[in-house]
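To start, the structure under review is shown below, and the notes come after it.
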Amino acid sequence: MFVLLVLFGIVALLLPALTRGLKNRVFLLAALVPFAAFVHALASGPGILAGENLAERAPWVPQLQLTLDLFMDPLAWVITLIVTGVGALVLLYCASYFTPESEGIGRFAATLTAFAGAMYGLVLAEDVFLLFVFWELTSVFSYLLIGHYQGRKASRGAALQALITTTLGGLVMLVGLVLLAHQSGSASIPVILATAPDGPLTTTAIVLVLVGALSKSAILPFHFWLPGAMAAPTPVSAYLHAAAMVKAGVYLIARLAPGFADVASWREILVALGLATMILGGWVALRQTDLKLLLAYGTVSQLGFLVVITGWGTRDAALAAGALLVAHALFKSTLFLVVGIIDHGAGTRDLRSLSGLGRRAPVLAGIAALALASMAGLPPLFGFVAKEAVLHALVVDARDGMALAAIAVVGVVVGSALTAAYSIRFFWGAFATKRDVEDVAALDHVGPGFLFAPAVLAIAGLALGPLAALADAGIAPAAAELPAVESASAEAYHLALWHGLTLELGLSLVAVLAGLAIFLARESIARLHARVHSPVSASELYWDAIGGVDRLAVRVTTLTQRGSLPFYLGVILVVFVAGTGATLLIGSSGLGEVRLWDTPAQVAIGVVMIASAVAATRAQKRFTAVLVVGVTGFGMSALFAIMGAPDLAITQILVELVTLIAFVLVLRRLPAQLGDRHGSTRRVLRAIIAIAAGATMGVIALVAAGARTEQPISRQWPELAYVIGHGRNTVNVALVDLRAWDTLGELAVVIAAATGVASLLFIRGRDDALPRPARGAVRRRVEQRLDRVREQGRPGEVRNAWILAGPSLDPRNRSILLEVVVRLTFHATIVVSLYLLFAGHNLPGGGFAGGLVAGLALVGRYLAGGRYELGAAAPVGAGTVLGTGMLLAAGTAAVPLLLGADALTSAFVEAELPVLGHVEFVTSTIFDVGVYLIVVGLVLDVLRSLGAEVDRQGDPVERAAAPAEGARS
Amino acid sequence: MTVSLVLVVIMSAMYACAVYLLLERSLTRVLLGFLLAGNATNLLILIMVGEAGIAPIYDESVDPSEYTDPLPQALILTAIVITFAVSAFLLALIYRSWRLANADDFSDDADDLALREGTVLIEAEETLPEASTTDFPLDREDSR
């Protein structure tokens, strides 16, 4: 069974590719798969009917007790035969239905085959959750098949409607299945049936499962999707909406009936909804003029019928249900296929436009007649046998005084009369010769291949009547799990054509005669139809609900999506203040102990910092604002120093400097005045939110301090850092060794940010076009420029090039003092940065501080000499520097793995070298070098983007060369 | 563990100023607010150090409890550099916004506004079963 299931999937995947060569013959290939499954089931038949179920087991998610268990018992066997047999025939039929030129054949064949596979899996699933998976798969494939004509709006709408309805039911069912599986302690269907839990929770679960089953089988109030689904190509209707998918609900009811038919409300729900559906469907079918819609409403009606008898819960009823299921699959598929042939030939399915087909296509008419007779319940067809069995099962219980059974009998007879009536209407509509209607000529030659599938199905319906004993042998074992009614005749009921002159036979006769009468009185019925209008239609309710959901979505969207970022941020902050504030008030364990200060100096620093922060909110000029924010940063640095954190103090100062420069580089292009257009709005409200948020953060700090009860783990760090990490500077060892994973992640963030900066500035490519180089080229260019400068400058003046690109600058922009200072300090600064890098393991410093110092050296070169100088100072691209740094850091992480140690494990080497003396080396230093390079790369990226590239974009010469981009200088 | 009240006050004030700036529409002010919030957050972590001690440079003669807690320091150090990297990115964004739109502030989302004003209509695809009576609409036209 697994093999076949997988085969369905593989073939479905291959079909689209094969279609290119095979065209519509691809369906013949596709039909082989369900046919193989059919043959397999048929061959397994004797064993299964003798009580030896097939079972194949495989684990799926053992932690959740999910399995891929498949099993085939008599019930599954019967349904498998229908699903695979009809599936194979319908696929065969498709080869004639579609022409080689039809669009989307490959997709259609694949989806239909996949659907057949999903249906096969659904029937065989032993685990309710596996069943659910296949259940939803059938819904999805059904959606694709109904919407096959993608270009038609009606197709798409109907497909979505069917999908929403059945998946909504499916979700409800899933809840029920979970409850059921939880109560039985197993998701296996046989186990659930064997334990058959009881109680209100089980009733709830069962009702939820029934919602799923009824929505799938198009039972009131979910029936409306099935007529809509007729937008699908007719073979789909013949398979999904007659034989397979709509039977899934019935199958599930049949599956659960042995365990739960006596659960409160089970029978009442199914009988009431089933009868209502049967009668309503039959009544509406009488009104239809589209043959396919007539069949669709007829199917709705028959599904109601099936649900009544399947849910009834006695052995005879289950037998009858099985027979009816088979009979319905045979005759309804036949009829849909016949409609497909008519539509294919005549170009219409409207019975008002069809005439004379009986004479012109007698074989087709004969096939249809057989199927219709079976549907109407005429002997000797199998439909008659099935209906007799149904009536028998109900009459037996009615005779026992069961009121529900009596109601069911009356309802079934009324429904059967309507069925007979619309069967006759179908035959009349499709094949009769009508006055005033031109004969349809196009159906004179229907090929035998086209007729094959409906003919086989119709003949099967005919043959099973006289061969009822054979059918009985096949179906009765599936009913054996249900209790027989004891008070009835001692003998068990069997399917047969002739049971003698019974009440059931009389009821059948009444129904058929009444049906004939209804058909003959069709004019009056039509008038009645015109007068009687249902006050509510389920379909309209559905569209109202969908429209309501859309409107609600729009309303919610407009309510929450204001489109204003300050608004969102404000809401987030208010929720933060309210939520955190409430939690702190209710659940806080008290505030931490408070001391006023460590040294009075903190107070002085604090006053300056707060004043600067407030000034930043009031500043009207960009540079002022940036500077006062910078002051808070320097204040931070002072606080760090006081708190015994020299590394932080150094790093903070360096970062403040670089940040300040980055700001200046960008702000020189922006107007000096800060935009005041929106600045003044809602000041009071913003201030309130701001103060509340600040106060909340303060309380959080106090509470968090109070919540700490244990000694911090890092008390041991200084010693550990020295013993394990071989470094005295605990903070540095923490960064490159103890907590190096954190640092590695942070480096990734830095690289991402640096790359982001570059990509925002370099629009035309990552290559920054700096003349970097080839110093000779720079020099030549410089000399050319110099010549120009000389012409403008005072004659005879000689300027020395203190820095490489110095002479390239406009003399008015040059600062000789700056050039000299940079020239004198650059190399020294680089040396200092390297010292910080390598000394950092034992003294304040490290890769971060060192990298920033080196970055500042580059800043100096850029400020003194502009972008050419930067190009000369950093002959490698920022990307290379960043990449090398990451390579070193990640390499330090990865290499220990190769040596069998944990990632980032450091190693320590010490040696006595001849000249240098005692040398110690820790591998984490390599990591620190990576950090150093990445920080340098970051600063370099900032400089060449926010500095050099902004220069270039502002340069009139360059802009003239590339005028396409940018609005202003 | 005791906390220094002065630090808590500084932190709260900086957070308040940061939030006030973040609620602005001017991108530059938002970035300044971001920087202030970054500093305030580093201060929050610093407060968790407890009492000030001596710098955690290992010395065998010093009692372990006399060092300033090194763990928050490691966290702050990385935070400082990341704040710089991200503010550089924001700066690039501001510059780009200025070049392209000549704007240093962000305006409301146009799609959201359109939806609120009802200029966008959303219609469900509705269908009636009677929509089509044949699978072969083209064939029919041919045969007639």
Quick check on A:I342: is it modelled with pLDDT of 90 or more, under 45 Å from the mean Cα position of the chain (by Cα) and within 14 Å of another protein chain (Cβ to nearest Cβ)? yes
Considering only segment A:40-135, give the strands (runs of 3 or more DSSP E) lying wholly within it that have at least 1 residues that are touching an Asp or Glu at 6+ places or on another chain (Cβ under 6 Å), over 30 Å from A:P448 (Cβ atoms) and in the same structural domain as A:Y149 (by TED's automatic domain parsing). A:70-72
Just checking, which of A:A753, A:A721, A:A769 is of a type in the set (G, A, S) and modelled with pLDDT of 90 or more? A:A753
Any pair with Cβ under 8 angstrom, 6 or more apart, that starts in segment A:718-741 at a residue that is more than 7 Å from every other protein chain (Cβ to nearest Cβ) and ends at one that is among the acidic types (D, E): A:I724/A:D737; A:G725/A:D737; A:H726/A:E920; A:G727/A:D737; A:N732/A:D647; A:N732/A:D928; A:V736/A:D928
Keeping to segment A:1-36, report how many residues are assigned to a helix (DSSP H, G or I), of a type outside the set (F, W, Y) and under 32 Å from the mean Cα position of the chain (by Cα). 22
Hey, which of the helices (runs of 4 or more DSSP H) in segment A:160-254, taking only ones fully inside, have at least 2 residues that are surrounded by fewer than 18 Cβ atoms within 10 Å (Cβ to Cβ) and in contact with a Leu (Cβ under 7 Å, 6 or more places away or on another chain)? A:200-216
Residue selected from segment B:50-96 under the condition more than 7 Å from every other protein chain (Cβ to nearest Cβ) and hydrophobic (A, V, I, L, M, F, W, C), by the criterion nearest to A:Q953 (Cα to Cα): B:L90
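Conditions tested, residue by residue: (1) in a helix (DSSP H, G or I); (2) in contact with a strand residue (DSSP E or B) (Cβ under 6 Å, 6 or more places away or on another chain); (3) more than 30 Å from B:E117 (Cα to Cα); (4) aromatic (F, W, Y).
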| site | (1), (2), (3), (4) |
| --- | --- |
| A:R562 | no, no, no, no |
| A:Y568 | yes, no, no, yes |
| A:L573 | yes, no, no, no |
| A:L591 | no, no, yes, no |
| A:G606 | yes, no, yes, no |
Residue pairs meeting the criteria (Cβ under 9 Å; at least 6 apart or on separate chains; first more than 23 Å from A:L91 (Cα to Cα), in segment A:456-476; second part of a helix (DSSP H, G or I) and among the charged types (D, E, K, R)): A:A476/A:R315
Is it the case, given these coordinates, that A:S612 is farther than 14 Å from B:L7 by Cα and not in a helix (DSSP H, G or I)? no
Of the residues in segment A:842-852, those that are surrounded by fewer than 24 Cβ atoms within 10 Å (Cβ to Cβ) and out of contact with any Pro (no Cβ under 8 Å at 6 or more places or on another chain) come to A:N842, A:L843
Checking the structure you have, find out if any residue of segment A:861-877 is under 17 Å from A:V929 (Cβ atoms) and surrounded by fewer than 17 Cβ atoms within 10 Å (Cβ to Cβ). yes
When you go through (1) surrounded by fewer than 18 Cβ atoms within 10 Å (Cβ to Cβ); (2) modelled with pLDDT of 90 or more one by one for B:V81, which number turns out not to apply? (1)
Residue check for B:L31: more than 7 Å from chain A (Cβ to nearest Cβ) and either at pLDDT 90 or above or not in a loop (DSSP other than H, G, I, E, B) (or both): yes
In segment A:349-376, what residues are over 23 Å from A:G465 (Cα atoms) and among the aliphatic types (A, V, I, L, M)? A:L351, A:L354, A:L357, A:A361
For the subset of segment A:502-536 comprising residues that are exposed (fewer than 12 other Cβ atoms within 10 Å of the Cβ) and at pLDDT below 85, which member is nearest to the chain's Cα centre (by Cα)? A:V536
Selected residue [farther than 23 Å from A:R315 by Cα and at pLDDT below 95] from A:A257, A:A244: A:A244
Among A:R562, A:R622, A:R551, which is free of Cβ contacts under 8 Å to residues at least 24 places away in the same chain and surrounded by 15 or more Cβ atoms within 10 Å (Cβ to Cβ)? A:R562
Can you tell me which condition A:G592 does not meet? The list is (1) within 11 Å of another protein chain (Cβ to nearest Cβ); (2) at pLDDT 90 or above, and all the others hold. (2)
Neighbours by Cβ (under 9 Å, 6+ apart or cross-chain): first from segment B:82-102, charged (D, E, K, R); second assigned to a helix (DSSP H, G or I) and buried (at least 23 other Cβ atoms within 10 Å of the Cβ): B:R96/A:L761
Working only within segment A:815-838, note down all residues that are within 21 Å of A:L735 (Cα to Cα), surrounded by fewer than 17 Cβ atoms within 10 Å (Cβ to Cβ) and not aromatic (F, W, Y). A:L834
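The values are calculated or read from the model by the stated rules, or taken from the named source; none is laboratory data. Keep in mind it's a predicted model, so treat the numbers as computed, not measured. As a convention, Cβ positions derive from the backbone with ideal geometry for all residues, glycine included, and neighbour counts pool all protein chains shown.
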